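Below is one structure, written out as structure tokens; the observations come after it.
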Amino acid sequence: MTNSIYTDEMRTLIHWLKSERKLHHLSMRSLAERMDKPHSYIQKVEQGERRLDIVEYVWYCNTLGINPQTGLDLIQEEIKKAKG
């Protein structure tokens, strides 16, 4: 198996998280402050340099006020597309 950070599923998830952050008019810095994390944490996640574990992912979604299930559904859609 490929390291999950380099997959279409991860790219789709990160794109969605970044889009949601922007829809909520939050800078990376302001999201980081809300999560009590350094700015570089958000930057690395959004650039695909850092993977979120499942708990961090839920915290990230909760901070943005979005449903974590939506991201999981996006991952499932990518998997289905890959299988054809």
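The values are calculated or read from the model by the stated rules, or taken from the named source; none is laboratory data. Since the model is a prediction, treat every value here as computed from it, not as a measurement. All Cβ positions, even for glycine, are placed from backbone atoms using ideal geometry, and neighbour counts span all protein chains on display. Please note that ligands, DNA and RNA were not included when accessible areas were found on the heavy atoms of the full protein model with its side chains. Shrake-Rupley method; radii C 1.70, N 1.55, O 1.52, S 1.80 Å.
In the chain, the portion of solvent-accessible area held by carbon and sulfur atoms comes to 51 percent [1.4 Å probe, whole percent, DNA, RNA and ligands not counted].
Measuring r between the beta carbons of ASP73 and HIS39 and using R0 = 35 Å, the FRET efficiency lands at 0.75. Normalised per residue, the accessible area of the chain is 67 Å², obtained with a 1.4 Å probe and no contribution from ligands, DNA or RNA. Loop-located trypsin sites (Lys or Arg not before Pro) in region 33-75 (DSSP state other than H, G, I, E, B) with a sparse environment of at most 16 neighbouring Cβ atoms within 10 Å: ARG50, ARG51.
For region 8-74, the list of GluC sites (Glu not before Pro) that fall in a loop by DSSP and count at most 13 other C-beta atoms within 10 angstrom reads GLU49. When the alpha carbon gyration tensor of region 8-82 is reduced to an equivalent ellipsoid, the three semi-axes, largest first, read 21, 12, 11 Å. A dipole drawn for region 8-82 from +1 and -1 charges on Cβ atoms has a positive end, and of LEU74, ILE14, VAL55 the residue lying farthest that way is ILE14.
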